[in-house]
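Worksheet for the structure shown next.
The values are calculated or read from the model by the stated rules, or taken from the named source; none is laboratory data. Since we're looking at a predicted model, the values are computed, not measured. Please note: Cβ atoms are built from the backbone with ideal geometry, for glycine as well, and neighbour counts cover all protein chains shown.
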Amino acid sequence: MAARQNDRSSTRMWIACGVVLFLIALLVSLNGGFGSGAAKPGVDQKSPGASGVSSDAVAGSHSSSGGSERVRTKGDGNRRTGSDPEKGPRFPLVDAVLEDESLTNQQSALKLKDIVLTEAAPESERLEALAHGLNLDFMAFKGIASAVTLPESVAERYLSELTNQNEHRSEQVEGLMDLMVHPSESIRTDSVDRLAFLIENEELASSPERLKVAAREFLERMKQAPAPEPAPSEPEGGNAGTSEPSR
């Protein structure tokens, strides 16, 4: 009887040890699978969502930084219209002209000139109209500085364009003479200096009235100067003008 009791006690002890070992193994496996340092399956640790920055925010940073405004040409005024502020300021008068495909460049330039001459129009729109109009047809803006008193920013833009129009020397001189009486002192000074340089009489820059007289004389000489003769055209065939001596 005593031997049987010892066997039963030994069996129970081994069963208890097995249960304890099983519980220990189970706890270890649970701690290893859900520890704080373990990465959950199916989650990319480098994705924008994991860092707290959305893909929309990243896209927005690219569209709003580093982009310079594109120079518009005739027919694309609608690219800047609408209620979206990211498309830039709206110029309804200018856009209406640029969108009208029935107009030639010269007709568009003349309509833009009318906007520049409209003193009731916003200064920013008049400046926009001048910039596009000069690109379409510079000659359409001849005499604009004498027609009205241009806002300083518009006069500055026109003065800059005059300096670059060396192929239209008469219009350069006349435009600078018109700007010599502008209310802005800086515009007047720049016009005098550039005009004196243009007519090669820089010593008269200190005497605007004498400079005007010299400028008028310069224009008169230009009118009386004979037109340059066209360059002779090359005969067809290159050496068609030379004949081989007869034998």
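Of note:
- The listed residue being touching a helix residue (DSSP H, G or I) at 6+ places or on another chain (Cβ under 6 Å) and over 29 Å from residue 91 (Cβ atoms), out of 204, 127, 136, 162: 204
- Counting only helices (runs of 4 or more DSSP H) that sit wholly inside the range 115-217, those with at least 3 residues that are in the same structural domain as residue 98 (by TED's automatic domain parsing), in contact (Cβ under 8 Å) with a residue 12 or more places away in the chain and acidic (Asp, Glu) are 123-136.
- Conditions (1) aliphatic (A, V, I, L, M); (2) at pLDDT 90 or above; (3) loosely packed, with under 11 Cβ neighbours inside 10 Å: number failed by residue 59: (2)
Matching residues to (1) surrounded by 13 or more Cβ atoms within 10 Å (Cβ to Cβ); (2) within 16 Å of residue 219 (Cβ to Cβ); (3) under 30 Å from the mean Cα position of the chain (by Cα):
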position	(1), (2), (3)
165	yes, yes, yes
171	yes, yes, yes
178	yes, yes, no
184	yes, no, yes
188	yes, no, yes
191	yes, yes, yes
199	yes, yes, no
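- Residue in the range 90-114 that is surrounded by the most Cβ atoms within 10 Å (Cβ to Cβ), counting only those that are free of Cβ contacts under 8 Å to residues at least 24 places away in the same chain and hydroxyl-bearing (Ser, Thr, Tyr): 104
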